[in-house]
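What follows is one structure encoded as structure tokens, with my remarks underneath.
Each reported figure results from applying straightforward, stated rules to the coordinates on display, with no laboratory input. This structure is a prediction, so every number in the text was calculated from the model and none was measured. Every residue, glycine among them, receives a Cβ derived from its backbone with ideal geometry; neighbour counts consider all protein chains shown.
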Amino acid sequence: MIQDIELIHKCIEGDGKAQRELYNRYAAKLMPMAMRYAKSQADAEDILQDAFIKIFNSLESFRQEAQFLTWLKRIVVNTAINHNRKKLYQQPMLDIEKTPLYVEKDLVISHLHFTEIMAMMQKLPVGCRTVFNLFAIEGYGHKEIAEMMEITEGTSKSQYSRARALLKAMIEEASTVVKSNASM
Amino acid sequence: MDNFESEMKDMFDGVEFQPSERVWAGVEQALGEKKKKGFFFMWQTYGVAAALILFITAGMLYKNGLFMKQPDALEGTKQLTESEVQISTDTLKNEDGAHEKLLAKDGEQEELRREKPGDQIKTLLATKSSEGKAQETLENIGLKSSAIDESVRMSSIGESDSEGLLIDLEKLESKPYRASLAATKAKWLNRLGVDESALAALVKTAEEQPEFVGENALNGRLGNNNFNISEPANGSPLAARAEDANFQAMSSIENRKEETLGSLSAGIGFSLELSQRLTLNTALRYSELRTKTTSNAYSVSNGQSFPIYLPLGYDPDNVNFIGTYDLVNTLQGLSVQPTLSYKVAQFGKFDVSVLGGVGFDYFFAYRVKGELNFLSVKKANLNDSDFIKKFNVSGITGLGLNYRLNEQFGLAADLNYRYFLSTGGGDNRRQSSVVGFGLGVNYFLQ
């Protein structure tokens, strides 16, 4: 199989087959990422499409010291944040003092399929969903998230707590349904 | 980060999900459009530049005589012919028979005037040779016997004495500079021993300027424009709109500073030669003036998505943010351009002119095209805003290069600079200019 770096060079030269090959190689890997930030699959596909257009237009700026997949993921994340920006303004995010307290419980999610978790994440308000993805899945710190989303660090933390609480509530509810179905 | 976050992270680790085919279709379309446009602008910009270089190179080659036809009936030569005929007339006055016949009738004399010098002497020699008096005749028209001997020596290679002499004389016509042909020929005749008074008359005639006859020409031109436009004089229009309700959303929309893009122009014109150096030109031209910028948002109106270019405004309630994408803005206009050109140099069939004049512009459309496949082209209504003034005046200066192909046709290349007095009105006053170059064809009216 042709190496990534060779494929990248061909894409830069405008080779259509190479572009399709690169897309085929990474689209399915990046799609779940876009889905986590979107409220629907169609929305996720819009994000992925814009991200790939940016990827092909900026391949020349890719430096080989970074892992290619990591570089691709960063572009998808940035595209998703831009995509959600208007919705973020329309649904102002609360700061930490206004966040309702939630009693922590240990929850097991291994029995759930990722599509179920994805569906739960898509139900989160856009701000919570974006911050949760950036912090829990992508591994960014609250300071970085605050800069990326043009919010305060406190807001990032409060949004994360809220997302966490809402997700746990949804997981707990789903688990209860599973248990009651099993006992029947 | 506790187990919950770790489990969540693990759950999505290595997961794959195939998107629908419409994603690739959109990507492919966006990439295809970009390639197509890139080639088009590359052709315009570099194609015209290459043509200019070709013209200049051809000019240099011409100057070195590489395109020169050997025997040619040209203006300078015609003048020489007249003087030579006069010499022939004077010297052959007392000759008998055939020579008097040559000059007796006006019609025949006129025919002789049209002939090239080599042909005249050929005719003369043919006649004289047949009578065995060639040497005597040549002496009568001023050639010394040594020169005749040399010609006769050379003639031994050819079939007859007269042919040999013609080879020698026709060499005199092969100089590339037509204007200096007469002078060069005079030098040669001097070397051959033509008497001084005849030579002086010859040189004088050769140096006389032909009477000026102005030519009119129709012309067509295809060119390339590079449009430079400044930011509005009173700051970005965005600042003026920042007090609107949805400030946060609006302040996040960004357009980068506009960059110039090559674009097409085409036109027709008429030229009137006022003197040997001064020409009045009028032209009607269609121009597309393009700039490139970026946006990070689009708005939706009546089910259509439009790119957002801040100076044109947008609906703040229907803004969608996406990744940064390119915008191509196109201003379309017609202009009437009266100019005066002054010929500063001439090299054979080439001449170089400087030009200056005024442009009267009418801009009738402004289009904003976002380089994403789902975006429609946004058209500005120039009647409702001061964004671009529909009527404008520009100053024009430039350099022109002309090449005369034949009596009817010529080629032209030009490099020009246009400065608009003010592109926008009110708060949108903007300074702008165009650097352009083009190629054209001239058709000279008889």
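Which pairs in the list A:K29/A:K143; A:K39/A:K168; A:K29/A:K168; B:K187/B:K349; A:K54/A:K143; A:K39/B:K369 are over 20 Å apart, alpha-carbon to alpha-carbon?
Pairs exceeding the cut-off: A:K29/A:K143; A:K29/A:K168; B:K187/B:K349; A:K54/A:K143; A:K39/B:K369.
Along the charge dipole of the range A:1-86, Cβ charges K/R +1 and D/E -1, which of A:M31, A:F68, A:I8 sits furthest on the positive end?
In the range A:1-86, that residue is A:M31.
With labels modelled as points extended 7 Å from the Cα through the Cβ direction, what inter-label distance (nm, one decimal) is found for B:Y342 paired with A:Q41?
Here the modelled spin labels are 7.5 nm apart.
Amide H to amide H, which residues 5 or more places from B:S305 or on other chains are under 5 Å from it, using H placed in the peptide plane?
B:S376
Which length gain, in nm to one decimal place, applies between A:H113 and A:W71 when the Cα-Cα distance is subtracted from 0.36 nm times their residue separation? Walk me through the numbers on the way to the answer.
Details: separation 42, 0.36 × 42 = 15.12 nm, distance 2.72 nm.
So the chain would gain 12.4 nm between A:H113 and A:W71.
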